[in-house]
């Protein structure tokens, strides 16, 4: 396991002692960092049990990175019994906290069944949409692909065009390729109508904000 914040430099005995004192005093960030020290064996013997102990403490205070790490520990059974349900709970709480990447990840769990998640197209689309609304390109692209396929939601070329355009603007390379394919198979006047309605919608949103 790796974590940039806790493994960029080798921890000395004095560093670990100070970090431990801070963690024991209730400093949430220190609890997370100490957990990662044990998870990486940074200046100490690698110990997933101690890593889990401190990561769980920090995660109980909704520390996002600790919650992500805790989900991974539960999913893989490191430092604790393997438990997909608890891993899922961590991911769901993270998505509810509102980070676009966490919402995207939860949507992907509902799509792929990783962490023992039961596939659920309605929840998948919901969380991709929440993430896409926050301008996260990977979610915008994923949502566009779902709409193009028309399996879990009714196919809609205009909606797919809009999400692909946004994903492309946000730097998603595959979205650029998919957008080009969509434009090639649709009449030029239809594409121009899509562009105008999209522009009008954006301008209206700006005026209302």
Worksheet item: If you take the residues in segment 1-37 that are part of a helix (DSSP H, G or I) and at pLDDT below 90, which one is surrounded by the fewest Cβ atoms within 10 Å (Cβ to Cβ)?
Response: 4
Worksheet, complete the sentence: residue 160: passes all of (1) crowded, with 17+ Cβ neighbours inside 10 Å; (2) on the phi < 0 side of the Ramachandran plot; (3) in contact with a helix residue (DSSP H, G or I) (Cβ under 6 Å, 6 or more places away or on another chain); (4) in contact (Cβ under 8 Å) with a residue 24 or more places away in the chain but (4)
Worksheet entry | segment 49-87, subset under 15 Å from residue 114 (Cα atoms) and crowded, with 21+ Cβ neighbours inside 10 Å, residue nearest to the chain's Cα centre (by Cα) | 71
Discussion item. Condition check: closer than 24 Å to residue 26 by Cα, assigned to a helix (DSSP H, G or I) and free of Cβ contacts under 8 Å to residues at least 40 places away in the same chain. Does residue 70 satisfy that?
Written reply: yes
Discussion item. When you check residue 113 against the structure, is it farther than 30 Å from residue 182 by Cβ and surrounded by fewer than 17 Cβ atoms within 10 Å (Cβ to Cβ), yes or no?
Written reply: no
Worksheet entry | So residue 132, is it more than 24 Å from residue 191 (Cα to Cα) and in contact with a helix residue (DSSP H, G or I) (Cβ under 6 Å, 6 or more places away or on another chain) | no
Practice prompt. Would you mind stating whether residue 199 is within 30 Å of residue 82 (Cα to Cα), surrounded by fewer than 21 Cβ atoms within 10 Å (Cβ to Cβ) and free of Cβ contacts under 8 Å to residues at least 12 places away in the same chain?
Written response: no
Worksheet item: What number of residues within segment 86-140 satisfy the criterion of being assigned to a helix (DSSP H, G or I) and on the phi > 0 side of the Ramachandran plot?
Response: 2
Item to complete: Check off (1) surrounded by fewer than 22 Cβ atoms within 10 Å (Cβ to Cβ); (2) under 24 Å from residue 91 (Cβ atoms) for residue 132 and give me the number that stays unchecked.
Response: (1)
Fill in: Output for segment 182-196, where each listed residue is part of a helix (DSSP H, G or I) and surrounded by 11 or more Cβ atoms within 10 Å (Cβ to Cβ)
182, 183, 190, 191, 193, 194, 195
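The values are calculated or read from the model by the stated rules, or taken from the named source; none is laboratory data. All values reported here derive from a predicted model rather than from experimental measurement. A quick note on method: Cβ atoms are made from the backbone with ideal geometry, for glycine too, and the neighbour counts reach across all protein chains shown.
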